[in-house]
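Below are the C-alpha coordinates for one structure; questions will follow.
The values are calculated or read from the model by the stated rules, or taken from the named source; none is laboratory data. Owing to the predicted nature of the structure, the values given are computational and were not obtained by experimental measurement. No Cβ is skipped: glycine too gets one built from the backbone with ideal geometry, and neighbour counts run over all protein chains shown.
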Amino acid sequence: MSDRLRQIIESYCDGLPDEIERLSALCQTIDFEQIRFSAHRVKGTARSLGLEALQDALLAIEARARAHVEAGGGAPVDEAFAVDIALLRIVAAGVQPRDSTLWKSIATPAA
Amino acid sequence: MTALRFVACVDDDPHMRQILDVALGEFGALRVVTYDSGAAALAGLAAEPAQLVLLDMLMPHMSGLDTLHAMRSAAALRDIPVVFVTAKADEGDAELYRAAGALAVVSKPIAPHRLHSQVREIWNNANERTAS
(Lines give C-alpha, C1' and ligand atoms only; values in the text may rest on other atoms or scores of the structure.)
Protein backbone atom coordinates (compact mmCIF):
# COMPACT_ATOMS: atom_id res chain seq x y z
CA MET A 1 0.00 0.00 0.00
CA SER A 2 2.89 2.37 0.62
CA ASP A 3 5.01 1.59 -2.42
CA ARG A 4 3.97 4.84 -4.04
CA LEU A 5 5.02 6.83 -0.98
CA ARG A 6 8.44 5.17 -1.13
CA GLN A 7 8.70 6.00 -4.81
CA ILE A 8 7.79 9.64 -4.12
CA ILE A 9 10.48 9.89 -1.42
CA GLU A 10 13.08 8.30 -3.72
CA SER A 11 12.08 10.55 -6.58
CA TYR A 12 12.37 13.62 -4.37
CA CYS A 13 15.85 12.62 -3.17
CA ASP A 14 16.97 11.75 -6.71
CA GLY A 15 15.82 15.15 -7.91
CA LEU A 16 17.55 17.15 -5.18
CA PRO A 17 20.79 17.86 -7.11
CA ASP A 18 18.80 19.38 -9.98
CA GLU A 19 16.62 21.35 -7.58
CA ILE A 20 19.69 22.73 -5.85
CA GLU A 21 21.28 23.71 -9.16
CA ARG A 22 18.09 25.56 -10.11
CA LEU A 23 18.00 27.26 -6.74
CA SER A 24 21.70 28.12 -6.98
CA ALA A 25 21.15 29.73 -10.38
CA LEU A 26 18.19 31.69 -9.03
CA CYS A 27 20.32 32.91 -6.13
CA GLN A 28 22.61 34.60 -8.68
CA THR A 29 19.68 36.83 -9.64
CA ILE A 30 17.76 39.48 -7.76
CA ASP A 31 14.44 37.70 -8.25
CA PHE A 32 14.02 37.25 -4.52
CA GLU A 33 10.32 36.44 -4.82
CA GLN A 34 11.14 33.50 -7.09
CA ILE A 35 13.97 32.37 -4.80
CA ARG A 36 11.51 32.48 -1.92
CA PHE A 37 8.87 30.45 -3.76
CA SER A 38 11.36 27.86 -4.97
CA ALA A 39 12.98 27.38 -1.57
CA HIS A 40 9.55 27.26 0.06
CA ARG A 41 8.30 24.64 -2.41
CA VAL A 42 11.27 22.30 -1.97
CA LYS A 43 11.27 22.91 1.79
CA GLY A 44 7.55 22.17 2.10
CA THR A 45 8.01 18.71 0.66
CA ALA A 46 11.14 18.09 2.76
CA ARG A 47 9.00 18.91 5.77
CA SER A 48 6.19 16.60 4.73
CA LEU A 49 8.68 13.80 4.11
CA GLY A 50 10.33 14.43 7.47
CA LEU A 51 13.78 15.40 6.20
CA GLU A 52 14.52 17.88 8.93
CA ALA A 53 18.14 18.84 8.18
CA LEU A 54 17.22 19.54 4.59
CA GLN A 55 14.18 21.49 5.68
CA ASP A 56 16.33 23.71 7.91
CA ALA A 57 18.87 24.38 5.15
CA LEU A 58 16.09 25.40 2.76
CA LEU A 59 14.38 27.48 5.41
CA ALA A 60 17.53 29.61 5.71
CA ILE A 61 17.35 30.45 2.01
CA GLU A 62 13.61 31.08 2.09
CA ALA A 63 13.96 33.38 5.11
CA ARG A 64 16.80 35.33 3.52
CA ALA A 65 14.83 35.76 0.30
CA ARG A 66 11.73 36.81 2.23
CA ALA A 67 13.75 39.44 4.08
CA HIS A 68 14.89 40.84 0.73
CA VAL A 69 11.30 40.86 -0.56
CA GLU A 70 10.05 42.62 2.56
CA ALA A 71 12.88 45.15 2.29
CA GLY A 72 11.62 46.11 -1.14
CA GLY A 73 13.90 43.92 -3.20
CA GLY A 74 16.29 46.72 -4.11
CA ALA A 75 19.30 45.26 -2.34
CA PRO A 76 22.11 43.69 -4.36
CA VAL A 77 22.50 39.91 -4.45
CA ASP A 78 23.42 38.81 -0.97
CA GLU A 79 26.67 36.83 -0.87
CA ALA A 80 25.23 34.96 2.09
CA PHE A 81 23.06 33.07 -0.41
CA ALA A 82 26.25 31.39 -1.66
CA VAL A 83 26.99 30.19 1.86
CA ASP A 84 23.39 28.98 2.23
CA ILE A 85 23.64 27.06 -1.03
CA ALA A 86 26.97 25.52 -0.03
CA LEU A 87 25.46 24.34 3.23
CA LEU A 88 22.41 23.03 1.40
CA ARG A 89 24.65 21.02 -0.95
CA ILE A 90 26.48 19.48 2.02
CA VAL A 91 23.23 18.53 3.74
CA ALA A 92 21.61 17.23 0.54
CA ALA A 93 24.65 15.10 -0.30
CA GLY A 94 24.04 13.14 2.86
CA VAL A 95 20.29 12.74 2.47
CA GLN A 96 18.98 9.23 1.86
CA PRO A 97 15.34 8.23 1.39
CA ARG A 98 15.59 6.15 4.55
CA ASP A 99 16.37 9.32 6.54
CA SER A 100 12.81 10.41 5.95
CA THR A 101 10.60 9.99 8.99
CA LEU A 102 7.77 9.21 6.60
CA TRP A 103 9.83 6.36 5.13
CA LYS A 104 10.49 5.06 8.63
CA SER A 105 6.79 5.22 9.43
CA ILE A 106 5.93 2.97 6.51
CA ALA A 107 5.77 -0.60 7.64
CA THR A 108 8.20 -2.90 5.89
CA PRO A 109 6.22 -5.04 3.44
CA ALA A 110 6.32 -8.78 3.83
CA ALA A 111 9.05 -10.40 1.76
CA MET B 1 -25.62 13.72 4.35
CA THR B 2 -23.77 13.66 1.06
CA ALA B 3 -20.70 11.47 1.28
CA LEU B 4 -17.39 12.94 0.23
CA ARG B 5 -16.14 11.22 -2.92
CA PHE B 6 -14.31 13.72 -5.09
CA VAL B 7 -11.66 16.23 -4.00
CA ALA B 8 -9.32 18.55 -5.85
CA CYS B 9 -5.86 19.41 -4.53
CA VAL B 10 -3.89 22.48 -5.60
CA ASP B 11 -0.15 22.61 -4.89
CA ASP B 12 2.77 23.89 -6.94
CA ASP B 13 5.09 21.10 -5.83
CA PRO B 14 4.83 17.90 -7.89
CA HIS B 15 5.92 15.65 -5.02
CA MET B 16 3.37 17.22 -2.71
CA ARG B 17 0.66 16.62 -5.31
CA GLN B 18 1.66 12.97 -5.49
CA ILE B 19 1.64 12.67 -1.70
CA LEU B 20 -1.85 14.20 -1.56
CA ASP B 21 -3.00 11.84 -4.29
CA VAL B 22 -1.74 8.82 -2.34
CA ALA B 23 -3.06 10.13 1.00
CA LEU B 24 -6.56 10.81 -0.25
CA GLY B 25 -6.86 8.49 -3.22
CA GLU B 26 -4.99 5.38 -2.19
CA PHE B 27 -5.46 5.58 1.57
CA GLY B 28 -8.82 7.36 1.58
CA ALA B 29 -10.50 5.79 -1.47
CA LEU B 30 -11.46 9.23 -2.71
CA ARG B 31 -11.37 10.34 -6.29
CA VAL B 32 -8.60 12.95 -6.50
CA VAL B 33 -7.67 15.45 -9.15
CA THR B 34 -4.59 17.64 -8.70
CA TYR B 35 -3.68 21.04 -10.12
CA ASP B 36 -0.28 22.74 -10.12
CA SER B 37 -1.57 26.31 -9.83
CA GLY B 38 -4.56 28.38 -8.87
CA ALA B 39 -5.17 29.25 -12.51
CA ALA B 40 -5.16 25.60 -13.55
CA ALA B 41 -7.56 24.80 -10.71
CA LEU B 42 -10.00 27.52 -11.73
CA ALA B 43 -10.10 26.19 -15.28
CA GLY B 44 -10.31 22.55 -14.23
CA LEU B 45 -12.94 23.08 -11.56
CA ALA B 46 -15.11 25.05 -13.96
CA ALA B 47 -15.11 22.04 -16.27
CA GLU B 48 -15.49 19.48 -13.49
CA PRO B 49 -16.38 20.81 -10.04
CA ALA B 50 -15.02 18.81 -7.11
CA GLN B 51 -16.98 18.52 -3.88
CA LEU B 52 -14.07 19.96 -1.88
CA VAL B 53 -10.85 21.77 -2.73
CA LEU B 54 -7.61 21.51 -0.76
CA LEU B 55 -5.51 24.60 -1.45
CA ASP B 56 -1.86 25.25 -0.76
CA MET B 57 -1.33 28.80 0.49
CA LEU B 58 2.04 29.99 -0.79
CA MET B 59 2.18 29.47 -4.55
CA PRO B 60 3.76 31.67 -7.22
CA HIS B 61 1.60 33.97 -9.39
CA MET B 62 -1.65 33.14 -7.60
CA SER B 63 -1.64 32.38 -3.89
CA GLY B 64 -4.15 30.16 -2.16
CA LEU B 65 -6.02 33.23 -0.93
CA ASP B 66 -6.07 34.70 -4.45
CA THR B 67 -7.44 31.40 -5.73
CA LEU B 68 -10.12 31.32 -3.05
CA HIS B 69 -11.16 34.91 -3.87
CA ALA B 70 -11.34 34.02 -7.57
CA MET B 71 -13.48 30.98 -6.79
CA ARG B 72 -15.86 33.07 -4.71
CA SER B 73 -16.23 35.46 -7.64
CA ALA B 74 -17.12 32.72 -10.11
CA ALA B 75 -20.74 31.60 -10.03
CA ALA B 76 -19.91 27.99 -10.87
CA LEU B 77 -17.25 27.71 -8.15
CA ARG B 78 -18.43 29.95 -5.34
CA ASP B 79 -20.13 27.19 -3.35
CA ILE B 80 -17.26 24.69 -3.43
CA PRO B 81 -15.82 24.45 0.10
CA VAL B 82 -12.12 25.16 0.42
CA VAL B 83 -9.65 23.80 2.97
CA PHE B 84 -6.24 25.39 3.19
CA VAL B 85 -3.29 23.04 3.58
CA THR B 86 -0.42 25.17 4.77
CA ALA B 87 2.63 25.34 6.97
CA LYS B 88 1.51 28.83 7.96
CA ALA B 89 -1.37 27.80 10.14
CA ASP B 90 -1.03 29.38 13.55
CA GLU B 91 -4.28 30.50 15.17
CA GLY B 92 -4.08 34.04 13.79
CA ASP B 93 -3.50 32.81 10.25
CA ALA B 94 -6.24 30.20 10.56
CA GLU B 95 -8.68 32.89 11.68
CA LEU B 96 -7.70 35.03 8.70
CA TYR B 97 -8.22 32.13 6.29
CA ARG B 98 -11.62 31.29 7.76
CA ALA B 99 -12.64 34.94 7.56
CA ALA B 100 -11.69 34.83 3.89
CA GLY B 101 -14.12 31.96 3.40
CA ALA B 102 -12.07 28.83 4.02
CA LEU B 103 -13.92 25.97 5.65
CA ALA B 104 -10.89 24.85 7.66
CA VAL B 105 -7.12 24.80 7.78
CA VAL B 106 -4.96 21.66 7.80
CA SER B 107 -1.37 22.11 8.95
CA LYS B 108 1.64 20.92 7.01
CA PRO B 109 3.38 18.62 7.34
CA ILE B 110 0.44 16.41 6.58
CA ALA B 111 0.21 12.87 7.89
CA PRO B 112 -0.49 10.86 4.72
CA HIS B 113 -2.16 7.99 6.56
CA ARG B 114 -4.47 10.30 8.51
CA LEU B 115 -5.26 13.08 6.07
CA HIS B 116 -8.34 11.42 4.59
CA SER B 117 -9.85 11.06 8.07
CA GLN B 118 -9.15 14.71 8.82
CA VAL B 119 -10.71 15.81 5.55
CA ARG B 120 -13.78 13.60 5.98
CA GLU B 121 -14.25 14.93 9.50
CA ILE B 122 -14.11 18.51 8.22
CA TRP B 123 -16.60 17.60 5.48
CA ASN B 124 -18.98 15.82 7.83
CA ASN B 125 -18.88 18.60 10.43
CA ALA B 126 -19.66 21.19 7.77
CA ASN B 127 -22.57 19.11 6.52
CA GLU B 128 -23.95 18.70 10.02
CA ARG B 129 -23.73 22.43 10.65
CA THR B 130 -25.56 23.09 7.38
CA ALA B 131 -28.27 20.55 8.22
CA SER B 132 -28.91 21.86 11.75
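Conditions tested, residue by residue: (1) within 11 Å of chain B (Cβ to nearest Cβ); (2) surrounded by fewer than 15 Cβ atoms within 10 Å (Cβ to Cβ).
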| site | (1), (2) |
| --- | --- |
| A:P17 | no, yes |
| A:E33 | yes, yes |
| A:R36 | yes, no |
| A:T45 | yes, no |
| A:L49 | yes, no |
| A:L58 | no, no |
| A:I61 | no, no |
| A:A65 | no, no |
| A:G72 | no, yes |
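Same structure, new question: Taking the condition of being polar (S, T, N, Q) and within 12 Å of B:M57 (Cα to Cα), how many residues in the stretch B:82-132 meet it?
Total meeting the criteria: 2.
Residue by residue, here is whether (1) in a helix (DSSP H, G or I); (2) β-branched (V, I, T); (3) within 16 Å of B:A87 (Cβ to Cβ); (4) touching a Leu at 6+ places or on another chain (Cβ under 7 Å) holds:
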{"residue": "A:S11", "(1), (2), (3), (4)": "yes, no, no, no"}
{"residue": "A:D18", "(1), (2), (3), (4)": "yes, no, no, no"}
{"residue": "A:R22", "(1), (2), (3), (4)": "yes, no, no, no"}
{"residue": "A:I30", "(1), (2), (3), (4)": "no, yes, no, no"}
{"residue": "A:Q34", "(1), (2), (3), (4)": "yes, no, no, yes"}
{"residue": "A:A39", "(1), (2), (3), (4)": "yes, no, yes, yes"}
{"residue": "A:G44", "(1), (2), (3), (4)": "yes, no, yes, no"}
{"residue": "A:Q55", "(1), (2), (3), (4)": "yes, no, yes, no"}
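Within the stretch B:122-132, can one find any residue that is modelled with pLDDT under 90 and crowded, with 17+ Cβ neighbours inside 10 Å?
No.
Could you please let me know if B:V85 is in contact with a Lys or Arg (Cβ under 7 Å, 6 or more places away or on another chain) and closer than 20 Å to B:N125 by Cα?
The answer is yes for B:V85.
If you scan the stretch B:1-33, which residues turn out to be more than 12 Å from every other protein chain (Cβ to nearest Cβ) and of a type in the set (A, V, I, L, M, F, W, C)?
Hits for the stretch B:1-33 are B:M1, B:A3, B:L4, B:F6, B:V7, B:A8, B:C9, B:V10, B:L24, B:L30, B:V32, B:V33.
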